[in-house]
Every structure is written in structure tokens, then in C-alpha cells.
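K.L.:
Pasting in a structure now, in C-alpha cells, and then I'll have a few things to ask.
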Amino acid sequence: MSEVILKAEGLVEVYGAGTPFEKTAVNNVSFELYENEFVGVIGHTGSGKSTLIQMLNGLIKPTEGTIYFRGEDVWAKKYDRRMLRSNVGLVFQYPEYQLFEETVEKDIAFGPRNMGLNEEEVALRVEQAMHFTGLSDKLRESSPFELSGGQKRRVAIAGILAMRPRVLILDEPTAGLDPKGCSEILANVREYQREERATVVLVSHSMEDVAANASRVLVLEKGNLKMLASTQEVFARGEELMKMGLNIPQITRIFLQLRARGHENLPSVLSPEEAIRCLDAVTGGGRK
């Protein structure tokens, strides 16, 4: 078993406490994240996903509960939360709106420079981050504001990767992108995870993206942790997810319908490729 890198213990976040607008956004949530794993986070709008991930890198202090990074309480006195945010990188939804420098290179270099690294190391990290996000070297001196939507998204993600976070948290990183852009960005993220042995947390409304990339899935509903299990186990509970107002991968839904019609021997599947293998096994390869 890999080492625990991030641990959430009894997290509670209450907005507007003591007012008529009081709302519990996160309610007694506990879990562990391990080194070099890919975790999906799903939940209906308003389920607490964004609040939770901002607590994980110290942007929001929980009303109650504790967050540990490598065994240390991140809200303990004298804890270096600037170091935490370098190690637990958070890419917000539509991160391209956070671009502000004159050139792509300067924007990507901003984080490493703030870490106090020398210029040689900063240049190396910019080069590596551009590689991980599929950015052409010829874009270095371009204004980020002149790029396409997909390129801006890559620059924003590269700015986080340049800090080499041990945990990379992405909030809807493919929102608004075409299918090709979506698959390319997620492939870039997987490459970073493989090469750096980093932990990735993917918040997404795309169940196909979660099913294709995550090994475990965390499900939130109205601030409560409802499920945390392997991707296969979570999506096998498709009917429960749909009752929460969540989608499931289309191919998973089809197999659930087939099981409901009497094909109980069919397992839960997550992808078309897995479905083909399953049908081949059931029919002895006799598909027409």
C-alpha cells in the first residue's frame, strides 16, 4: 500500500454561521489520499466539492476538523501553508481567467519564482511544464491572451505543474473544451502523474472522464461523503448515483439496463473497450 499523502479528518465547513443564511457546505468528511493515485470527485452542483478541494490546499480553514499533509496538521501554529500550496496544486475551473503576465513563459514561471528558485531551475521547470501540457516551444514569447481557449487552459495548468506539486487537484479541467482538447489535457495530466508519481484529484461532471482515469471515486451529496471506493465499485451502484441526480457513463447505464432485463451475469463496465471484452467472454467471441 502506498503512503498516505493527504488526510482529511472530520472536516466541517459552515457558511454564515449564526445567521439566517447559515449553510453547512461540508459535513464531517474524512478520507485519505495515497501517493501516486488518481481519485475522481463527483457530486451534484452544491454538493460541497469546491469547498472541499479548497480546504485541501489551505485556501479555506475548516470550521471543524483537521487536514494533514504527510502527517502534519496544516493549520498548526507556524505551519508553512505557502509550502503546502506549492505541494498541493489547485487548478480552478476556467483557470485561463487567472492568466495575467505578458508572455506564456512569464506566466508559467510565476509560481517557481515565488518559491525562490534560481533562474536556471525556473527555466527548467517552465520547459518541463510546457512539455507536460503539450505546449509548443514557439509559444513561449506569445501573449497568453492571444491563444485559443484550449491553449490558455494548458498555460494555466502548466503554471501549477511548474511548481511540481505532489498532489494535483483539478476542478473541471476540461469544461468548455471540445472532445479532442478534453482527451489531450487528461492525457497530459496522466503523463505528469506517471513521471512525477504524483497524486491527482479530478473534480468533474463528466462521468466518462472519471471512469477512464480514476482508480477511486469519492461521491459527495449535500456536503456528506456518500461513497469512497474503487471506480468499478462506485459505478456498479449506478442506480444510487442516479437517485442523487448524477449521471453514470453511458456504457455503464446500458449494461445496467441489460441486467435489469434478465442478463444478471453481465458485470458493471466503465468503457466501450471493456464492454467489448465482456461481450466476447459471454458469447465466446461470437459477436456479429
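K.L.:
Taking interchain pairs and intrachain pairs at least six residues apart, which have beta carbon atoms under 8 angstrom, with the first residue in region 62-85 and under 17 Å from TYR34 (Cβ atoms) and the second part of a helix (DSSP H, G or I)?
P.N.:
ILE67/MET55; ILE67/LEU56; PHE69/LEU84; PHE69/ASN87
K.L.:
Can you confirm whether GLU239 is at pLDDT below 80 and of a type outside the set (Lys, Arg)?
P.N.:
no
K.L.:
In addition: Could you tell me which residue of region 1-32 is nearest to LYS222 (Cα to Cα), considering only residues that are small (Gly, Ala, Ser) and in contact (Cβ under 8 Å) with a residue 24 or more places away in the chain?
P.N.:
ALA25
K.L.:
Now, a different point. Can you tell me which of SER183, SER206 is free of Cβ contacts under 8 Å to residues at least 40 places away in the same chain and either under 28 Å from LYS23 (Cβ atoms) or touching a Lys or Arg at 6+ places or on another chain (Cβ under 6 Å) (or both)?
P.N.:
Among SER183, SER206, only SER206 is free of Cβ contacts under 8 Å to residues at least 40 places away in the same chain and either under 28 Å from LYS23 (Cβ atoms) or touching a Lys or Arg at 6+ places or on another chain (Cβ under 6 Å) (or both).
K.L.:
In region 40-58, what residues are aliphatic (A, V, I, L, M) and either not in a strand (DSSP E or B) or not assigned by TED's automatic domain parsing to the domain that holds ARG190 (or both)?
P.N.:
Selection gives LEU52, ILE53, MET55, LEU56.
The values are calculated or read from the model by the stated rules, or taken from the named source; none is laboratory data. Model, not experiment: these values are computed from the prediction. Neighbour counts run over all protein chains shown; Cβ positions are idealised from the backbone, glycine included.
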